[in-house]
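Trainee: Got a structure for you, written out below as structure tokens; questions coming shortly.
The values are calculated or read from the model by the stated rules, or taken from the named source; none is laboratory data. From a predicted model like this one, the values you see are computed outputs, not experimental measurements. FYI the Cβ positions are ideal-geometry reconstructions off the backbone, even for glycines, and counts take in every protein chain you see.
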Amino acid sequence: MDLNKRKASQIQGLYAITDPLLITDKLLFSSIESAILGGAKIIQYRNKLATEATQYEQALQLSKLCQQHQVSFIINDDPTLAKAVNADGVHLGQDDKKIADARKILGEQAIIGVSCYNQISNAQHAIEQGADYIAFGRFFPSNTKPHTIQADLQLLEQARQQLSIPIVAIGGITLDNASKVIKKGADAIAVIHSLFHDTQEIYNTAKAYQAHFKKI
């Protein structure tokens with residue numbers, strides 16, 4: 001399998017993103033393990049509230065867990081941390097310099113994802129700069145980022161026709177609307193609140209999300 005195909009194969013299915021406001025430090029590892037066992041294919045570590053030492057400790061634990069289960073592990077917005085814990089890659093906001101800097105730090109093997117909100121032109125530019133996947137959204141009202149730019153579902157259809165790399169849909173995705181974004185062209189669905197708000201149901205919720213991909 002060539003490098004681009006290998007990277008693309010790693011961004012498929014349920015994409016779980018950590019949130020320190022939903023998951024306490026004590027429950028972080030067990031919550032992510034439940035998500036993985038339920039079928040999550042990608043884990044993104046995002047914790048802007050923790051100290052650098054705590055971020056490193058948590059990310060290292062999660063990196064080992066993801067390797068054990070052969071699940072992709074992505075760090076939010078910190079390529080240096082991603083390299084330190086041997087993560088599969090990094091997810092960035094829209095910034096050309098960040099993409100170039102991340103590639104320099106992480107190398108060609110790493111996966112670099114970029115948020116493009118509701119702009120295909122920005123996605124095309126990010127691909128030219130070396131992005132390996134694009135995230136669009138929010139598509140629905142979001143508990144995590146209620147004021148983020150709204151994207152239309154038709155954007156996914158356009159992106160599917162015009163872009164050659166994996167597309168991640170994010171923002172307000174629930175079990176009730178997940179099939180809509182998948183049918184429109186999303187390769188992966190990024191979920192935070194709906195997956196982690198009830199720690200007793202993470203496994204079952206992840207399983208239900210992943211089942212949507214089998215139906216399409």
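Trainee: So, in segment 149-163, exactly how many residues are modelled with pLDDT of 95 or more and either within 25 Å of GLY130 (Cβ to Cβ) or assigned to a helix (DSSP H, G or I) (or both)?
Mentor: Number of matching residues: 10.
Trainee: Report, by residue number, each residue of segment 187-216 that is of a type in the set (Gly, Ala, Ser) and either part of a helix (DSSP H, G or I) or without any contact (Cβ under 8 Å) to a residue 40 or more places away in the chain (or both).
Mentor: SER194, ALA206, ALA208, ALA211
Trainee: A further question follows. Of all residues in segment 1-56, which are in contact with a Leu (Cβ under 6 Å, 6 or more places away or on another chain) and at pLDDT below 95?
Mentor: none
Trainee: Within segment 144-164, track down each residue that is in contact (Cβ under 8 Å) with a residue 40 or more places away in the chain and farther than 17 Å from TYR15 by Cα. Steps first, answer last, please.
Mentor: Quick first cut of segment 144-164, residues in contact (Cβ under 8 Å) with a residue 40 or more places away in the chain only: 144, 162-163.
Those that are in contact (Cβ under 8 Å) with a residue 40 or more places away in the chain and farther than 17 Å from TYR15 by Cα: GLN162, LEU163.
Trainee: Just checking, how many residues over segment 5-35 are out of contact with any strand residue (DSSP E or B) (no Cβ under 7 Å at 6 or more places or on another chain), of a type outside the set (Gly, Ala, Ser) and touching a residue at least 40 places away in the same chain (Cβ under 8 Å)?
Mentor: The total comes to 4.
Trainee: Right, another one. Does segment 60-100 hold any residues that are surrounded by 15 or more Cβ atoms within 10 Å (Cβ to Cβ), of a type in the set (D, E, K, R) and assigned to a helix (DSSP H, G or I), and which are they?
Mentor: LYS83, LYS98, listed by residue number.
Trainee: Follow-up question, since we're still on this one. Specify the residue that is surrounded by the fewest Cβ atoms within 10 Å (Cβ to Cβ); the eligible residues are those in segment 101-126 that are under 21 Å from LEU3 (Cβ atoms) and under 17 Å from the mean Cα position of the chain (by Cα).
Mentor: ALA110
Trainee: Looking at segment 111-140 only, could you name the residues that are assigned to a helix (DSSP H, G or I) and of a type outside the set (Val, Ile, Thr)?
Mentor: SER121, ASN122, ALA123, GLN124, HIS125, ALA126, GLU128
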